[in-house]
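My questions will all concern the structure given below.
The numbers here are math on the coordinates, done by the rules we state, and not lab data. Please read these numbers as outputs of a predicted model, since none were measured by experiment. Heads up, the Cβs are rebuilt from the backbone with ideal geometry, glycines too, and the neighbour counts pull from every protein chain shown.
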Amino acid sequence: MQMLEAEIGAELRKKGISIATAESCTGGLISHRITNVSGSSDYYKGSVIAYANEVKEKLLHVTKAILEEKGAVSAECAMAMANGVRTLLCSDVSIATTGIAGPTGGTLDKPVGLVYIALATKDYVYHAKHIFHEDREGNKREAANAALEMLWTHISNGARSSER
């Protein structure tokens, strides 16, 4: 069975779609998996690992209002990160992750394992909320898997290259 990231790469190449990623809680794991595929430079633009809020704000243009009112772990932040990296790296589509990998940092409202994943194109952005119940590495792995599955669903359902 072929790895999901290889299937994604083949589809991105076939359709002429470029991708970029913005990662917080996954710390570059999605980028690592994408770039493990030979020839990924044909479609992969790059990534911003925006762990600190100041990086989210300065590089990805997540507003101070989102960070203060909704928090770095929120749907709004994930969507802003996805839009920001897509614009910054001039890609057709982007994926962003933000969450709490654990084992510390969780609260009643935002427990360990809470992850928001967003996908953006020039026309729209959408997100998904997940709560994983693993250890730190497991939560990161599950978040990367969910992000790649979101991307696969998007590109396998008719996405095409678009003018930016």
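Top mean-square fluctuation among A143, A52, A75, Gaussian network model of the chain, C-alpha springs under 10 Å?
Greatest mean-square fluctuation among the candidates belongs to A52.
Which aspartates and glutamates does K70 reach when only Cα atoms under 13 Å apart count, and residues fewer than 8 places away in its own chain are ignored?
D109
Sequence neighbours fewer than 8 away in the same chain don't count; with that in mind, list the lysines whose C-alpha is under 24 Å from K15.
K45, K122
Contact order normalised by length for segment 35-164, with contacts defined as Cα pairs under 8 Å and 6 or more residues apart; what percent is it?
Numbers: 202 pairs, mean separation 24.9, N = 130.
Relative CO of segment 35-164 lands at 19 percent.
Now for a different question. Go through segment 54-60 residue by residue and turn each phi into a ³J(HN,Hα) via Karplus (6.51, -1.76, 1.60, θ = phi - 60°); whole Hz please, and just put x for glycine and proline.
Taking θ as phi minus 60°, the curve returns 5, 6, 4, 6, 6, 8, 9 Hz for segment 54-60.
Measure nothing fancy, just the Cα-based angle from helix 136-156's long axis to the longest principal axis of the chain, in degrees from 0 to 90, nearest 10.
Value to nearest ten degrees: 40.
Let me ask you something else. As I understand it, the dipole of the chain uses +1 on the Cβ of Lys and Arg and -1 on the Cβ of Asp and Glu, about the Cα centre. Which of A78, H133, L108 lies farthest toward its positive end?
After comparing all options, I get A78.
Could you point to the label whose value was computed as Kirkwood radius over Cα pairs in Å for the structure here, given (1) 15.5; (2) 19.5; (3) 15.9?
Working out Kirkwood radius over Cα pairs in Å from the coordinates points to (1).
Would you grab the residues whose amide H sits under 5 Å from the one on A22? Only those 5+ places off in sequence or on another chain, please, with H modelled 1.01 Å from N.
V48, I95, A96, T97
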